[in-house]
1. Just to verify a result, which residue in the stretch 101-116, among those that are part of a helix (DSSP H, G or I) and surrounded by 15 or more Cβ atoms within 10 Å (Cβ to Cβ), is modelled with the highest pLDDT?
2. Looking for something modelled with pLDDT of 80 or more, over 24 Å from the mean Cα position of the chain (by Cα) and assigned to a helix (DSSP H, G or I) - is there at least one such residue anywhere in the stretch 19-27?
3. Consider Ile92 carefully, then state whether it is modelled with pLDDT of 80 or more, exposed (fewer than 12 other Cβ atoms within 10 Å of the Cβ) and in a helix (DSSP H, G or I).
4. Taking the condition at pLDDT 85 or above, closer than 16 Å to Phe155 by Cβ and open to solvent by 60 Å² or more (accessible area, probe 1.4 Å), does Ile78 pass?
5. Limited to the stretch 141-161, what total is found for residues that are of a type outside the set (D, E, K, R), open to solvent by 40 Å² or more (accessible area, probe 1.4 Å) and either on the phi > 0 side of the Ramachandran plot or part of a helix (DSSP H, G or I) (or both)?
6. When residues of the stretch 120-156 are filtered for being out of contact with any helix residue (DSSP H, G or I) (no Cβ under 7 Å at 6 or more places or on another chain), without any contact (Cβ under 8 Å) to a residue 24 or more places away in the chain and of a type in the set (A, V, I, L, M), how many remain?
7. Quick one: would you say Ala85 is at pLDDT below 85, aliphatic (A, V, I, L, M) and open to solvent by less than 50 Å² (accessible area, probe 1.4 Å)?
Amino acid sequence: MLALVRTLGGAILPAALLVMLLRRQFRGAVVMAAAAAALLVPWQLWMSAWQHEIPPVLMGKYGAYGPWLAQGVQEGGIPFLRDVALANMKSIDRFTGYMFMPVMLAWPRVFATAGVCALVAIGLAVFAKRSPVTLLFLSAYAAVVLVWPFDPDRFVLGIWPLLTLCGLAGLVAVWRWA
């Protein structure tokens with residue numbers, strides 16, 4: 001669960017700070033950054049002191065993300081990131097496709113997934129106006145999940161409530177247009 005919290009925090013903090021700075025709420029941005037630093041600095045110091053105790057096979061789950069991912073990029077380059085993104089998109093499609101249309105025939109699954117994705121996209125447009133921090137957070141989080149060389153299902157589950165709200169916001173928007 002700690003990995004989910006760290007990943008969520010790594011995306012929500014920059015999103016919130018960016019919106020605060022764009023809205024010229026400088027004092028609030030400084031307070032938020034200071035509060036985040038008060039929590040992050042001890043954790044980072046602890047991780048740097050004990051990082052060597054984590055077995056390499058567990059580094060992706062429990063270690064510092066940055067050095068682990070940087071090593072993969074350094075060894076594999078852009079093809080590494082491309083292959084990881086493709087594999088993660090397939091895994092997410094398999095995971096979410098089964099949730100929305102648990103049948104073996106491909107065309108109903110494609111239709112259902114496309115419909116859900118359309119509703120989420122419309123919901124994201126609604127979020128752009130009403131909740132820009134959520135939109136920026138989801139964008140940054142999705143970018144990280146796509147290139148993270150680890151099974152993305154647990155990361156998608158971490159934002160499942162927000163994705164559901166996006167879909168519902170899209171559904172309400174379509175209902176109002178009709």
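The values are calculated or read from the model by the stated rules, or taken from the named source; none is laboratory data. Just so we're clear, the structure is a prediction, and the values are computed from it rather than from any experiment. All Cβ positions, glycine included, derive from the backbone under ideal geometry; neighbour counts span all protein chains shown. To get the accessible areas, we keep the full protein, side chains included, count just its heavy atoms, and leave off ligands, DNA and RNA. Shrake-Rupley method; radii C 1.70, N 1.55, O 1.52, S 1.80 Å.
1. Looking at the filtered set, the residue picked out is Val116.
2. The answer is yes; a qualifying residue exists.
3. Against the criterion (modelled with pLDDT of 80 or more, exposed (fewer than 12 other Cβ atoms within 10 Å of the Cβ) and in a helix (DSSP H, G or I)), Ile92 does not qualify.
4. Taking the combined requirement at face value, the residue does not satisfy it.
5. So the count comes out to 8.
6. 2
7. Here the answer is no, as Ala85 does not meet what is asked.
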